[in-house]
1. Give the stretch 131-154 a look and list any residue that's farther than 21 Å from P289 by Cβ and either open to solvent by 20 Å² or more (accessible area, probe 1.4 Å) or touching a Phe, Trp or Tyr at 6+ places or on another chain (Cβ under 8 Å) (or both), or say none.
2. Checking R318 against (1) within 16 Å of the ligand (Cβ to nearest atom); (2) over 26 Å from N242 (Cβ atoms): exactly one of these is not met. Which one?
3. Residues that are more than 18 Å from G13 (Cβ to Cβ) and near the ligand (Cβ under 10 Å from one of its atoms): list the strands (runs of 3 or more DSSP E) wholly contained in the stretch 119-225 that include at least 3 such residues.
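The values are calculated or read from the model by the stated rules, or taken from the named source; none is laboratory data. Here the structure is a predicted model, which means the values were calculated and not measured. Every residue, glycine as well, gets a Cβ built from its backbone with ideal geometry; the counts of neighbours run over all protein chains shown. Protein only, heavy atoms only, side chains kept; ligands, DNA and RNA dropped before computing areas. Shrake-Rupley method; radii C 1.70, N 1.55, O 1.52, S 1.80 Å.
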Amino acid sequence: MRYLITGGAGFIGSHLSEELLRRGHEVFVVDDLSTGSINNIRHLKTHDRFHYTVDSCSNVQLMAELVDGADVIYHLAAAVGVKLIVESPVRTIETNIRLTEIMLNHANKKKRPIFVASTSEVYGKSTDFPFREDGDLVMGATHKGRWSYACSKAIDEFLAIAYWKEKKLPTVVARLFNTVGPRQTGQYGMVVPNFVKQALSGQPITVFGDGKQSRCFSHVSDVVRALIGLMEKESSYGQVFNIGNNNEITIGDLARQVREMCGSKSEIVFIPYEKAYEEGFEDMPRRVPDLSKIGAAIGWKPTIALPQILRDVIDFYRREA
Ligand code: UDP
């Protein structure tokens, strides 16, 4: 099969490319390298079934050609990372909505099945734990930049579902919860690579807020398996799925665990949200996925627990250093 991956030089896209190649498929990547990096796909460049183009999905002619040559599309290109979103809200909103419009439009012309990546951010401030795909989404006020990401991704979801309902375009949406693994950069705010880099370099480990907020982290290889499994089943079309892990840890405990596993003497410091992000920043105190839908649909569940996830990230950054 020929797979087109937008954002294929990103953290998740590069792992997806790798796994699809490993399974014998042909992979076409398009990435404008805005948050992705050529380093992520350097090891794939010599592979004879791997092809990449450095360009934006907003290059309509290029996308028409690439979509035409693909059997299945993964649309992963998006503005991601809370820091990036708070600092560049215009870029976030425009990238996330416009690129998805373009990709769905092209996919529809050729009726190619397309996966649209969404995010657990869309659950917003909901306290209806664990989050189910049919639960209400609870957003904050529009002058708080963070929510523009959630809303832009919610629009992507509406659009993907609308294409399925109205035009019978096979679309699949997945809400990715905190995904971690080698190659993820802390540049755009993600907590695990940041903590690991801080611990390994002896810098203070920066916990935002009081550290009592919790998250569930999943390994990118588990996530990639889910992405592939979902697109292999026609019963996924028109559906929204959570992909994540339901083992929770507070960010304070995460900082301690990372410090211990790195054998680090870094101090753990607590930084108020308004200093870390912006005045009035709202964080989610918890974020837990209900995984029963994807379990029933494709028999998927996460297999890699947090200690192994952290070991992989620590090993990656030790090698990088
Ligand atoms: N966080 C932190 N220190 C950092 C980066 C993030 O304490 O250097 C916190 C952040 O405020 C949030 C959690 O870690 O409560 C997860 O942040 P991340 O940006 O990785 O993902 P989110 O779940 O917010 O999308």
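1. Taking the stretch 131-154 as the starting set, the residues that turn out to be farther than 21 Å from P289 by Cβ are 141-145, 148.
Selection gives A141, T142, H143, K144, S148.
2. Only one criterion in (1) within 16 Å of the ligand (Cβ to nearest atom); (2) over 26 Å from N242 (Cβ atoms) is unmet by R318, namely (1).
3. Values: elements: 171-176, 205-208, 214-216.
Fully inside the stretch 119-225 and qualifying: 205-208, 214-216.
Listed here are the residues, each with its yes/no results for (1) away from the ligand (no atom under 16 Å from the Cβ); (2) within 17 Å of M190 (Cβ to Cβ); (3) small (G, A, S).
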site: N245; (1), (2), (3): no, yes, no
site: F270; (1), (2), (3): no, no, no
site: G280; (1), (2), (3): no, no, yes
site: M284; (1), (2), (3): no, yes, no
site: I294; (1), (2), (3): yes, no, no
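Quick grid of which residues meet (1) touching a residue at least 60 places away in the same chain (Cβ under 8 Å); (2) surrounded by fewer than 23 Cβ atoms within 10 Å (Cβ to Cβ):
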site: F11; (1), (2): yes, no
site: S37; (1), (2): yes, yes
site: N40; (1), (2): yes, no
site: L44; (1), (2): no, yes
site: D48; (1), (2): no, yes
site: S58; (1), (2): no, yes
site: D71; (1), (2): yes, yes
